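Notes to accompany the following structure.
The values are calculated or read from the model by the stated rules, or taken from the named source; none is laboratory data. Because the structure is a prediction, the values reported are computed rather than measured. Backbone-built Cβ (ideal geometry, glycine too); neighbour counts: all protein chains shown.
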Amino acid sequence: MTRNAVVVEKMWEQIESVVASLPFNTGTVRIYQDGLPVCGHERDIVLELAGAGSRNHRALLELQARGATLMGTESPDLLVQEYQLATAAFASGMTVRTEVRQKQLRDTLLEKRDRYIADRINGTLGAGESGILFMGMLHAVAKYLDADIKVVYPVGPPRVKQRGDV
């Protein structure tokens, strides 16, 4: 196993341990997932991806089995835009100029997604409820959440990119 694979394995072991030990009452927890569109087929998507081996989506199913409510989290339109942007970047020969433009577009789209996700949480998380948000490390949703939502990072806050990071 490569060093990166070992790091990812340890991270998932930690996440699975945290998920298994979260105390909550049925009906008081909403779970939100990076890349899960608001579409009416959220459970089917999670079942399919969990069946394909996604540890992330298996954790969502475990939380649902314990009484958490699965929430569509992302704008389908923004997810399609991200897919189209990635496809266009892959299909075109990247020059320095197009690479810079692609990064600007990706960053703008990521911010739009983060704002949408935060709006979704702000609009669906009720008083006395808790939310669990599974997000990729490049996201920065917390800064767009309502001030009365307390954010806790049970496996550590996302790493802020430093100058020179790729």
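Does residue 75 satisfy being touching a helix residue (DSSP H, G or I) at 6+ places or on another chain (Cβ under 8 Å) and either of a type outside the set (Lys, Arg) or at pLDDT below 95 (or both)?
So residue 75 fits the description; yes.
All conditions but one from (1) in a helix (DSSP H, G or I); (2) surrounded by fewer than 16 Cβ atoms within 10 Å (Cβ to Cβ); (3) modelled with pLDDT of 90 or more; (4) touching a helix residue (DSSP H, G or I) at 6+ places or on another chain (Cβ under 9 Å) apply to residue 123; the one that does not is (4). Kindly indicate which of 40, 53 is of a type outside the set (A, V, I, L, M) and within 25 Å of residue 17 (Cα to Cα). Selected residue: 53, the only one of 40, 53 that is of a type outside the set (A, V, I, L, M) and within 25 Å of residue 17 (Cα to Cα).
For residue 125, indicate whether it is of a type outside the set (Val, Ile, Thr) and closer than 27 Å to residue 8 by Cα. For residue 125, the condition - of a type outside the set (Val, Ile, Thr) and closer than 27 Å to residue 8 by Cα - is not met. So which residues in the stretch 30-70 are among the hydrophobic types (A, V, I, L, M, F, W, C) and part of a helix (DSSP H, G or I), if there are any at all? Within the stretch 30-70, 45, 46, 47, 49, 50, 59, 60, 61, 63, 65 meet the criteria. Looking only at the stretch 71-87, residues that are in contact (Cβ under 8 Å) with a residue 12 or more places away in the chain and part of a helix (DSSP H, G or I) come to 6 in all. Residue 102 meets the conditions (1) at pLDDT 95 or above; (2) more than 30 Å from residue 123 (Cβ to Cβ); (3) surrounded by 11 or more Cβ atoms within 10 Å (Cβ to Cβ) in every case but one. The failed one is (1).
For the stretch 21-32, check the following and say yes or no: at least one residue is in contact with a helix residue (DSSP H, G or I) (Cβ under 7 Å, 6 or more places away or on another chain) and surrounded by fewer than 18 Cβ atoms within 10 Å (Cβ to Cβ). Checking the stretch 21-32: not a single residue is in contact with a helix residue (DSSP H, G or I) (Cβ under 7 Å, 6 or more places away or on another chain) and surrounded by fewer than 18 Cβ atoms within 10 Å (Cβ to Cβ).
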